[in-house]
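Peer 1: Starting off with a structure, shown below.
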Amino acid sequence: VSFRLCPISRIDAEEMLAELKGAAILNGARGTKPASLDAIIDVLLKVGGENGLLLQHATDISEADINPLIVSESAAVAVDARFILG
């Protein structure tokens, strides 16, 4: 798990991914193909970036959780998300 205050930059997103305990798995450890880090970063920026959802609705959203985020070699899909209002 990694946290930052919004808005995050691309560099913030890259650092957040590198901080994860499972970062090696994203890079293709244990014989798996590497995940698309660019796709994950795009999701992070769409949610928490300068023009992201959290800043567009900053007065409404107090907390956000995306789990799971399924990532392949070419895409990232948020399967479930929870937003706390208030």
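Peer 1: Can you find, within the stretch 61-83, the residue that is farthest from the chain's Cα centre (by Cα) among those that are in a strand (DSSP E or B) and loosely packed, with under 10 Cβ neighbours inside 10 Å?
Peer 2: R82
Peer 1: Please find, within the stretch 1-34, the residue that is nearest to A75 (Cα to Cα) out of those that are in contact with a strand residue (DSSP E or B) (Cβ under 9 Å, 6 or more places away or on another chain), in contact (Cβ under 8 Å) with a residue 40 or more places away in the chain and of a type outside the set (S, T, N, Q).
Peer 2: L26
Peer 1: Right, something else. Identify, please: which residue in the stretch 26-35 is aliphatic (A, V, I, L, M) and outside any loop (DSSP other than H, G, I, E, B) and is, among those, modelled with the lowest pLDDT?
Peer 2: A29
Peer 1: Has the stretch 58-76 got at least one residue that is in contact (Cβ under 8 Å) with a residue 40 or more places away in the chain, touching a strand residue (DSSP E or B) at 6+ places or on another chain (Cβ under 7 Å) and not hydrophobic (A, V, I, L, M, F, W, C)?
Peer 2: There is no residue in the stretch 58-76 that is in contact (Cβ under 8 Å) with a residue 40 or more places away in the chain, touching a strand residue (DSSP E or B) at 6+ places or on another chain (Cβ under 7 Å) and not hydrophobic (A, V, I, L, M, F, W, C).
Peer 1: Taking the criterion of being surrounded by fewer than 13 Cβ atoms within 10 Å (Cβ to Cβ), in a loop (DSSP other than H, G, I, E, B) and out of contact with any strand residue (DSSP E or B) (no Cβ under 9 Å at 6 or more places or on another chain), would at least one residue in the stretch 42-56 satisfy it?
Peer 2: Within the stretch 42-56, one or more residues are surrounded by fewer than 13 Cβ atoms within 10 Å (Cβ to Cβ), in a loop (DSSP other than H, G, I, E, B) and out of contact with any strand residue (DSSP E or B) (no Cβ under 9 Å at 6 or more places or on another chain).
Peer 1: Being among the aliphatic types (A, V, I, L, M) and at pLDDT below 95 is the filter here; which residues of the stretch 6-25 pass it? Even if it seems obvious, please write down each step before you answer.
Peer 2: At the first step, the residues of the stretch 6-25 found to be among the aliphatic types (A, V, I, L, M) are 8, 11, 13, 16-18, 20, 23-25.
Correct list: A23, A24, I25.
The values are calculated or read from the model by the stated rules, or taken from the named source; none is laboratory data. Only a predicted model underlies this, so the values are computations on that prediction, with no experimental measurement involved. Note: ideal-geometry Cβ built from the backbone for every residue, glycine included; neighbour counts use all protein chains shown.
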